[in-house]
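**Q** Mind having a look at this structure? Questions to follow.
The values are calculated or read from the model by the stated rules, or taken from the named source; none is laboratory data. If you're wondering where the values come from, they're calculated on a predicted model, not measured in any experiment. Every residue, glycine among them, receives a Cβ derived from its backbone with ideal geometry; neighbour counts consider all protein chains shown.
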Amino acid sequence: MLKLMKPAVLLVIAVLAFAAPARAEGIETFTTPAGIEVWLKSEPTIPILALDFAFRGGASLDPADRPGIANMVSGLLDEGAGDLDSKAFQDRLDELSVQLSFDAGRDEFHGGLTTLIENQDEAFELLRLALNEPRFDPEPVERIRGQILISLRSAAEDPNAVAWDAFTAAAFPDHPYGRPVDGTEESVAEITDAELHGFVTDAFARDRLIVAAVGAIDAATLAPLVDKAFAGLPATGATLDVPDVTAQAGKVEVIDMDVPQSAIAFGLPGISRDDPDFYAAFVLNKALGGGGLNTRLFEEVRKKRGLVYSVGTYLYPYEHAGLWLGSAGTQNARAGETLDVIRDVLADVVENGISQTELDDAKAYLTGSFPLQLSSNAGIASMLVTMQVDRLGADYLEQRNSYIDAVTPEDVQRVAARLLDPDNMLVVVTGRPEGVTPSVAN
């Protein structure tokens, strides 16, 4: 949850912003005395330590009738723990210039800690308290609940948010991926103290923990700190029994909203992260609409025809499903035409592939922009966790761009034929679109 940042916290952010970032080479892996595997990039020139970690499971552990528990926990872990109530805990973070954050995703529950090296012992003690002894006192629980409910009510009036919630529900009916991570107004209003504590017990376990660190520290010094924070957690947690699933497609849903612009969400089943065709799909997605202005959809739908305010596509390789998604915003009167052009673009790429120029531009963007994700200790630590989550291997940073450079036009066209079926897309449109015929009753 967002909180006001005090001067001491702003100071550590300023140090992070202006210090030279750590280089991503030289990843060391080791196991602590408690048996926790850690990936470490030592950077002795910056007196800051960034720790990133994740527990597999995330919001997929929420009960079907109570989505939003994981998200609510993520907003409460720094709102009091052990003997420290919410104010005392926040004051201590501020005094030490410690940044502590948590976030609930569909497949993982993430956390991050950034501290000055001189305060590392106390920082890890605060992390230990947050994970092992969260208080969930009535005042912060109701305050955070209120913030979430306000956010949910705002999202219910946002055509884009409504479209995406409806899209995921239609793509994954009766599956955890189809439920909103933030929950619903009804479910969030009913979350109990016992359910918050129950999620911590079920989710925060060492058998699903992933840890990475970057900063001015060595393995011998870091190991006991990691054990301080995590060794007291249960060895095993709740069973991770989320089934593999293929996204549903071939439907068109229209959600009536009295707004002048239609929000369009469209997509198809995607590809897993360990699929041999992943990098070809990655390049294909960039060429179609994956970031920047130099994409096929931007050229055809916005630049040539002026149909949309925005258009983009995305790859989501979840743990148990793959998705290829797209979004566009347009006038209600032009919604049907917009979808027709999007389908025509996909059909052309399936039949003819992309040009050498489009391929080269996509590769240049994907390889050239990658270092921006590694511009700070915290960014590198986050990437090291992602590498472990996706089972990429410790040499991924050195190999990643070569995988992209190896993609050929033939690879892209083959994967386009495999993934893109323009006549079978799942489409959700919010607004009052003209020229869009729903196949699903609202």
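**Q** May I ask you to list the residues in the range 207-222 that are under 20 Å from residue 383 (Cα atoms), of a type in the set (A, V, I, L, M) and in a helix (DSSP H, G or I)?
**A** 219, 222
**Q** Note down all Cβ pairs under 8 Å where the first residue falls in the range 74-97 and is more than 26 Å from residue 57 (Cβ to Cβ), the second is among the aromatic types (Phe, Trp, Tyr) and modelled with pLDDT of 95 or more, and they're at least six residues apart or on different chains.
**A** From residues that are more than 26 Å from residue 57 (Cβ to Cβ), there are no pairs.
**Q** Shifting gears a bit: Taking residue 325, is it in contact with a strand residue (DSSP E or B) (Cβ under 8 Å, 6 or more places away or on another chain) and closer than 17 Å to residue 270 by Cβ?
**A** Yes; evaluated as a whole, the condition is true for this residue.
**Q** On to the next question. Report yes if residue 34 is on the phi < 0 side of the Ramachandran plot and either in a loop (DSSP other than H, G, I, E, B) or not assigned by TED's automatic domain parsing to the domain that holds residue 212 (or both), otherwise no.
**A** Yes; evaluated as a whole, the condition is true for this residue.
**Q** Right, another one. Only residues that are surrounded by fewer than 24 Cβ atoms within 10 Å (Cβ to Cβ) and of a type in the set (Lys, Arg): list them for the range 254-288, please.
**A** Answer for the range 254-288, where residues must be surrounded by fewer than 24 Cβ atoms within 10 Å (Cβ to Cβ) and of a type in the set (Lys, Arg): just 273.
**Q** Separate question: Restrict the check to the range 125-136 and report whether at least one residue is more than 22 Å from residue 70 (Cβ to Cβ) and either out of contact with any Leu (no Cβ under 8 Å at 6 or more places or on another chain) or not acidic (Asp, Glu) (or both).
**A** Within the range 125-136 (the criterion being more than 22 Å from residue 70 (Cβ to Cβ) and either out of contact with any Leu (no Cβ under 8 Å at 6 or more places or on another chain) or not acidic (Asp, Glu) (or both)), the answer is yes, since at least one residue qualifies.
**Q** Here's a follow-up. Do we have any residue at all in the range 353-366 that's buried (at least 19 other Cβ atoms within 10 Å of the Cβ), in contact with a Leu (Cβ under 6 Å, 6 or more places away or on another chain) and not assigned by TED's automatic domain parsing to the domain that holds residue 163?
**A** No, there is no match, as no residue in the range 353-366 is buried (at least 19 other Cβ atoms within 10 Å of the Cβ), in contact with a Leu (Cβ under 6 Å, 6 or more places away or on another chain) and not assigned by TED's automatic domain parsing to the domain that holds residue 163.
**Q** Please enumerate the residues belonging to the range 124-142 that are within 25 Å of the chain's Cα centre (by Cα), assigned to a helix (DSSP H, G or I) and touching a residue at least 60 places away in the same chain (Cβ under 8 Å).
**A** Matches in the range 124-142: 124, 127, 128, 131, 132, 141.
**Q** If you don't mind, there's one more thing I want to ask. Which condition from (1) closer than 21 Å to residue 182 by Cβ; (2) in contact (Cβ under 8 Å) with a residue 60 or more places away in the chain; (3) assigned to a helix (DSSP H, G or I) is the one that residue 110 breaks?
**A** Here residue 110 clears every test but (3).
**Q** Moving to a separate point now. Condition first: surrounded by fewer than 16 Cβ atoms within 10 Å (Cβ to Cβ) and outside any helix (DSSP H, G or I). Can you find one or more residues in the range 370-386 that meet it?
**A** Scanning the range 370-386 turns up at least one residue that is surrounded by fewer than 16 Cβ atoms within 10 Å (Cβ to Cβ) and outside any helix (DSSP H, G or I).
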